[in-house]
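The values are calculated or read from the model by the stated rules, or taken from the named source; none is laboratory data. In this text, all values refer to a predicted model and were calculated from it rather than measured experimentally. Cβ atoms come from the backbone with ideal geometry, glycine included; neighbour counts cover every protein chain shown. We work out accessible area using only protein heavy atoms, side chains counted, and drop any ligands, DNA or RNA first. Shrake-Rupley method; radii C 1.70, N 1.55, O 1.52, S 1.80 Å.
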Amino acid sequence: MKTAALSLTVSLGLTTCAIGQGAAQPNIILFLVDDMGWQDTSVPFTEQPTAWNRLYRTPHMEDLARRGAKFTQAYAAHPVCSPTRVSMMTGKNPARTHVDDWVGHGYTNNKYLRSPKWAATGLQPGGPHAALPQILADHGYRTLHVGKAHFGGEDTPGADPTNLGFMANIAGAHTGGPWGGWISPWLGKHKALYPNLEDRPEGEYLTRAITVKAIELLDQAISDGQPFFLNMAQFAVHTGIAPAPDYIDGYQDGRPKVEADYASMLEAMDASLGELLAKLRDPNNDGDHSDSVAGDTLVFFMSDNGGLSNHTRATAGPVEVRPATGQPIEADYAKDWHNRPLRSGKGSAYEGGYRIPMLVAWAGQGAQEPPLHPALPIQPGSTITEPVHMDDFFPTVLDLAAIDNPVPKAERDGQSLRPLLSARTFARARPLFWHYPHQWYRDIGTGLGIEPFSAMRNGRYKLIYFYGDGIADGEGPDPRVELYDLSLDLSEGRDLAATKPELCARLRAELFAWLRQVGAGIPIVKATGAPAALSDG
């Protein structure tokens, strides 16, 4: 089944009937992967499987896709991590919260521009943005965080997830990556950055370690009969890329070493998903599923931004990979194309920067059975082609939990996806927006689309505004606009700005109006000390 946008409007209100089989509020697991690209899975998010899908083994993702819905045009809120994570916890676009770079990056520069003032300390308790875990906790949920947090800056209250409403925190701190490495024992000086993870068996992989602790938290919540929200936030597949010992032997097939390591990290991540699903379906691991909570548990699988491509990954060009089973695979490990057919990757204004894999399913749904719950009848094996944005996660969860959205309507940037999940009509109220007024990596010209930008998607068209040197004067890299028809040009190879000037001008004006409306921070021109021009030229 394919579900696309229709022109009818819908009511986003929640009926008062129970969602789950025995609970008025469903259990919710957000399984969030770090830096996982749209193609980094054996689940195809294109119409036909690609070579990339054959290079990876993610059987539990495949299982989840058979049991629920696959979103082929899902987007992170940002091309780097913290802004998306804060968006998911607040329902507000990073341009509105001003958490529009990764927490800890500080104030950055390229040759021409420097960062505007931004919320460099990230999400903080007591601030202007209601946090999802606190809202859920106030309405009877047990709120659990495991893994990477990266919500708030070092030595700030927001660095500790329990200050944002989580009742338990395992390994969540201000850090954005696996400090101390992937293999236990982690370096002693970094042990404090993994709160409550405790000592783990020597040689244990970090992905496995946090999974064991998550299962312990789930065991207690299930035993107590309390609805739970688990933010299962993997450190994988963030750099440094390092092999997962239990899986690396399966990738000695001719691919470059870093790509073998990367594939093993993905399979370890997928195994974590499988362990959580198994816990839900058989809590006591005794073969008796009468105590299963899977039917009452909704699982969201997503990534916080697009896959890494500009650095760290292999740049060997075409390589013949010979897997143990199946036909040889020609894999083209060219710089900036590890997410093809998407252009570029993490940090970029192009699709590779923030188009992500997304799956949603009831954990207890049978792959070949009718939808489990009439109130949220997710069709097994369905494909949803409507573009969705991670600003949508917050209102969706509140909708499903029958909790009124506390965010003033004028500040709500996302919409509930319940109609889409229920195969009902859905109308997007406004375009999708992205805003990154910082230099993520090195300098302007580093890679495809890695420079300060703002962008929007309206229907099939996507417009990107690059700030250049911030001055439209015909000298240096002037601000520029690029326009793409994603329905015909997924790889963003044919810029239509010159051939569709009226459409380009209309979308650019709409983007600029939105930036002004939300009070977005605009990059500062070094030469003048003033914000970069929002050029209509």
Selection count where residues are at pLDDT below 95 and under 14 Å from Y56 (Cα atoms), scope region 256-294: 0
Residue in region 10-24 that is at pLDDT below 95, in contact with a Phe, Trp or Tyr (Cβ under 7 Å, 6 or more places away or on another chain), open to solvent by 30 Å² or more (accessible area, probe 1.4 Å) and not basic (K, R) present: yes
Any hit, region 357-365, residues being open to solvent by 10 Å² or more (accessible area, probe 1.4 Å), out of contact with any strand residue (DSSP E or B) (no Cβ under 9 Å at 6 or more places or on another chain) and part of a loop (DSSP other than H, G, I, E, B): no
Residue list for region 256-267, filter: within 21 Å of the chain's Cα centre (by Cα) and open to solvent by less than 10 Å² (accessible area, probe 1.4 Å): Y262, A263, S264, M265, L266
Count - residues of region 435-480 that are over 19 Å from V525 (Cβ atoms) and not aliphatic (A, V, I, L, M): 11
Strands (runs of 3 or more DSSP E) lying entirely in region 424-537 (those with 1 or more residues that are open to solvent by 30 Å² or more (accessible area, probe 1.4 Å) and not aromatic (F, W, Y)): 453-458, 480-485
Boolean, G181 is open to solvent by 20 Å² or more (accessible area, probe 1.4 Å), under 30 Å from G345 (Cα atoms) and at pLDDT below 95: yes
Given (1) surrounded by fewer than 24 Cβ atoms within 10 Å (Cβ to Cβ); (2) closer than 15 Å to M167 by Cα; (3) touching a helix residue (DSSP H, G or I) at 6+ places or on another chain (Cβ under 9 Å); (4) not basic (K, R), number of the condition N231 does not satisfy: (1)
Residue list for region 407-423, filter: out of contact with any Lys or Arg (no Cβ under 9 Å at 6 or more places or on another chain) and assigned to a loop (DSSP other than H, G, I, E, B): P408, S416, L417, S422, A423
Pair list, Cβ under 6 Å, 6 or more apart: region 235-258 residue in contact (Cβ under 8 Å) with a residue 12 or more places away in the chain, other residue β-branched (V, I, T) and assigned to a helix (DSSP H, G or I): A236/T207; I241/V258
Pairs, first more than 16 Å from G352 (Cβ to Cβ) in region 45-59, second surrounded by 13 or more Cβ atoms within 10 Å (Cβ to Cβ) and of a type in the set (D, E, K, R), C-beta under 7 Å, six or more apart: Y56/D40; R57/E267; T58/E267; T58/D270; P59/D270
Qualifying residue in region 236-255 (condition: open to solvent by 20 Å² or more (accessible area, probe 1.4 Å), outside any strand (DSSP E or B) and among the polar types (S, T, N, Q)): yes
Selection count, region 280-325, where residues are of a type outside the set (V, I, T), more than 29 Å from A361 (Cβ to Cβ) and touching a residue at least 24 places away in the same chain (Cβ under 8 Å): 8
Unmet requirement for R96, which otherwise passes all of (1) touching a Leu at 6+ places or on another chain (Cβ under 9 Å); (2) open to solvent by 10 Å² or more (accessible area, probe 1.4 Å); (3) among the charged types (D, E, K, R): (1)
Answer residue from region 44-80, given it is β-branched (V, I, T) and assigned to a loop (DSSP other than H, G, I, E, B) and is farthest from D332 (Cα to Cα) among those: V80
Among the residues listed as H373, H389, the single one being open to solvent by less than 10 Å² (accessible area, probe 1.4 Å), of a type outside the set (A, V, I, L, M, F, W, C), over 30 Å from F512 (Cβ atoms) and touching a helix residue (DSSP H, G or I) at 6+ places or on another chain (Cβ under 9 Å): H373
Selection from region 126-155 of residues that are more than 20 Å from D404 (Cβ to Cβ) and either touching a Pro at 6+ places or on another chain (Cβ under 6 Å) or open to solvent by less than 30 Å² (accessible area, probe 1.4 Å) (or both): L144, H145, V146, G147, K148, A149, H150, F151, G152, G153
Selection within region 108-135 - hydrophobic (A, V, I, L, M, F, W, C), out of contact with any helix residue (DSSP H, G or I) (no Cβ under 8 Å at 6 or more places or on another chain) and within 18 Å of N93 (Cβ to Cβ): W118, A120
Every residue from region 45-57 that is in contact with a strand residue (DSSP E or B) (Cβ under 9 Å, 6 or more places away or on another chain) and within 19 Å of R255 (Cβ to Cβ): A51, W52, R54, L55
Residues located in region 315-354, provided they are of a type in the set (A, V, I, L, M, F, W, C), open to solvent by 10 Å² or more (accessible area, probe 1.4 Å) and assigned to a loop (DSSP other than H, G, I, E, B): A316, A324, A334, W337
